[in-house]
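J.: Before anything else, here's the structure in question.
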Amino acid sequence: MKKQNQISVPAIFWFTLSLAIGTFHLASAQEDLGLRVHQLFEQRCYKCHGQPGERVGGGLDYILDFDRLRTSPLVDLANAEKSVLYDLVSTDYMPLRDTPLSAPEKDLILTWLKAGAPSPSLAPGPAAPDFLNDDQVQNLVDEDLHLQPSSHRGLL
Ligand code: HEC
């Protein structure tokens, strides 16, 4: 075999190594994306869209379950911009009656959708605190009532 037709072993080694590093970088960037969107949804959407069986959020009660979200009709991976989810945040309808998401936050969601809505692969932190039940809310109201001077209570 002629010398010039041979691919040197070190060349193959470096080529393979750079491919491996490139793939690793791509993979970790995706993980990061999933985690960042997870954190954003947890802060801004979870309180209305996380409680299973809760009908208040139009039936969307799985905002942090990306496996489910990805295959739901609210997400269109082929046309990320047309996804209902993106449409509602980009038009400031969601979060409902709350401060709209910032432009970088909206971009983050779009980038995430275009990347195939990856799940966070690094374990997300503990979920937001439990929801308050009716009794707990009632107790808070009662406690507050007792803090008022008794002369005012008749008015409350
Ligand atoms: C204060 C409560 C509240 C918050 C916070 C909130 N939503 Fe909503 N969301 C609702 C309600 C209520 C509806 C149903 C509204 C309607 O049908 O017009 C809804 C509907 C939706 C829908 C459509 C669901 C469907 O099945 O049609 C999507 C998608 C959505 N919200 C995404 C989000 C995202 C993303 C966030 C966070 C950035 C968010 N929402 C934050 C209350 C909330």
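J.: Glu105: net charge of surrounding residues, Cβ under 14 Å, Lys/Arg +1, Asp/Glu -1, itself excluded?
T.: -1
J.: Does the stretch 35-129 come out rounded, prolate or oblate by the C-alpha gyration tensor, with a ≥ b ≥ c the root eigenvalues, rounded set by a/c under 1.5 and, if not, prolate when a/b is larger than b/c and oblate if not?
T.: Rounded.
J.: Follow-up question, since we're still on this one. Could you check the simple spin-label distance between Lys106 and Asp92, using points 7 Å along Cα→Cβ, in nm with one decimal?
T.: Rounded to a tenth, the inter-label distance reads 0.9 nm.
J.: So, counting K/R as plus one and D/E as minus one, what does the shell of residues with Cβ under 13 Å around Asn79 add up to?
T.: That sum, taken over residues with Cβ under 13 Å, equals -1.
J.: So, one more: Could you work out how much longer the chain between Ala78 and Asp65 gets when fully extended? Use 0.36 nm per residue separation minus the Cα distance between them, nm to one decimal.
T.: Residue separation times 0.36 nm, minus the Cα-Cα distance, leaves 2.7 nm.
Values quoted throughout were computed directly from the atomic coordinates according to the rules given, and no laboratory measurement underlies them. Because the structure is a prediction, the values reported are computed rather than measured. Note: ideal-geometry Cβ built from the backbone for every residue, glycine included; neighbour counts use all protein chains shown.
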